[in-house]
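Inspection log for the structure reproduced underneath, given as structure tokens.
The values are calculated or read from the model by the stated rules, or taken from the named source; none is laboratory data. Computed from a prediction, not measured in an experiment: that's the story for all the values here. FYI the Cβ positions are ideal-geometry reconstructions off the backbone, even for glycines, and counts take in every protein chain you see. Please note that ligands, DNA and RNA were not included when accessible areas were found on the heavy atoms of the full protein model with its side chains. Shrake-Rupley method; radii C 1.70, N 1.55, O 1.52, S 1.80 Å.
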Amino acid sequence: MANFNELKESWKNKAVFEKQLSLNLEQLGSNQSAVIIEASYPPHWLELKSVLEHFRPKTVLEIGCGVGAASQVIERHINGVEYNGSDYSEEAIDIAKRQWGTPEKFFVQDLWQLTEEIVQKYECILEGAVFDVMPDGDEALSFLLNLKPHNLYLQRMQFTNEPSYYVEYEAYREIKTVQYYHNYNDFIEVAESHNYEMFPVLRNGISSLADSEGNYPTGFYLKGKKS
């Protein structure tokens, strides 16, 4: 069993991101028709496309972007969105800069070093794969919400009725990481306390809290309420 600090630092691994890039290139496919391309997308990319098409933010910062494959999904399908990606792994950002031909879009940034100034430059902060692999996912969520993003799209979330917890697993046969489970009621409470309107994302589309009752969503779009 890995210790807490090892789990927090585990995604700084070049071999993992080389494997992630190989997988993402398969999922992205070649320049085929849009229908064929989307057939190879993982569910969270299809949800990303649907949610951004619905809310239409003009600027997006993805935190924990890994090798930056989400930038290609957005570029292919969502017109008029200015994308930037950040990650705490220099290895991941080096690969993203080299692979996509847009090095200016990517930068190294530890989540815990984010500031209000950075976060509030963007209309939407995208969290595609961060809190789900952090052993301190609740604390990370609260930290980010305290920076007051205008809008926050949280993907790949797992919820539970139990107190929040994580389970260790091996990723890409290279590292020990975790799957984090957020207590659902605590998540709702903390989002409400930061004055966000909440839109659960379900497999069949965007919903409301009332309509999603009894079904754990796969993510949330938190829309800032205008004061």
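Structure values in brief
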{"quantity": "Yes/no for Leu48 being under 20 Å from Leu144 (Cβ atoms), open to solvent by less than 70 Å² (accessible area, probe 1.4 Å), in contact (Cβ under 8 Å) with a residue 40 or more places away in the chain and in a helix (DSSP H, G or I)", "calculated": "yes"}
{"quantity": "Looking only at the stretch 94-109, and only at residues there that are assigned to a helix (DSSP H, G or I) and over 21 Å from Tyr153 (Cβ atoms), the one that is least open to solvent (accessible area, probe 1.4 Å)", "calculated": "Ile95"}
{"quantity": "Of all residues in the stretch 199-227 being of a type in the set (Phe, Trp, Tyr) and modelled with pLDDT of 95 or more, the one that is nearest to Pro57 (Cα to Cα)", "calculated": "Tyr221"}
{"quantity": "Test: residue in the stretch 185-198 that is among the hydrophobic types (A, V, I, L, M, F, W, C) and modelled with pLDDT under 95", "calculated": "no"}
{"quantity": "Tally of residues being assigned to a strand (DSSP E or B), more than 16 Å from Gly224 (Cα to Cα) and within 17 Å of the chain's Cα centre (by Cα) across the stretch 172-204", "calculated": "8"}
{"quantity": "Test result for Ala129, at pLDDT below 95 and within 19 Å of Leu7 (Cα to Cα)", "calculated": "yes"}
{"quantity": "Selection from the stretch 149-168 of residues that are over 21 Å from Arg56 (Cβ atoms), in contact with a helix residue (DSSP H, G or I) (Cβ under 9 Å, 6 or more places away or on another chain) and open to solvent by 70 Å² or more (accessible area, probe 1.4 Å)", "calculated": "Arg156, Gln158, Asn161, Pro163, Tyr166"}
{"quantity": "Any hit, the stretch 32-44, residues being of a type in the set (S, T, N, Q), surrounded by 15 or more Cβ atoms within 10 Å (Cβ to Cβ) and more than 13 Å from the chain's Cα centre (by Cα)", "calculated": "no"}
{"quantity": "Where a residue in the stretch 54-78 is open to solvent by 30 Å² or more (accessible area, probe 1.4 Å) and its partner, wherever it lies, is of a type in the set (Val, Ile, Thr) and in a helix (DSSP H, G or I), with Cβ under 9 Å and at least six apart", "calculated": "Arg76/Ile37"}
{"quantity": "Out of Tyr153, Tyr180, Tyr169, sole residue that is free of Cβ contacts under 8 Å to residues at least 24 places away in the same chain and under 28 Å from Val16 (Cα atoms)", "calculated": "Tyr169"}
{"quantity": "Subset tally (residues that are out of contact with any strand residue (DSSP E or B) (no Cβ under 6 Å at 6 or more places or on another chain) and free of Cβ contacts under 8 Å to residues at least 40 places away in the same chain) for the stretch 88-100", "calculated": "3"}
{"quantity": "Test: residue in the stretch 110-128 that is open to solvent by 30 Å² or more (accessible area, probe 1.4 Å), out of contact with any strand residue (DSSP E or B) (no Cβ under 7 Å at 6 or more places or on another chain), hydrophobic (A, V, I, L, M, F, W, C) and not in a loop (DSSP other than H, G, I, E, B)", "calculated": "yes"}
{"quantity": "The lone exception for Leu61 - which of (1) in contact with a Cys (Cβ under 9 Å, 6 or more places away or on another chain); (2) in a helix (DSSP H, G or I) it fails", "calculated": "(2)"}
{"quantity": "Neighbours by Cβ (under 6 Å, 6+ apart or cross-chain): first from the stretch 1-21, at pLDDT below 90; second open to solvent by less than 80 Å² (accessible area, probe 1.4 Å)", "calculated": "Phe4/Pro135"}
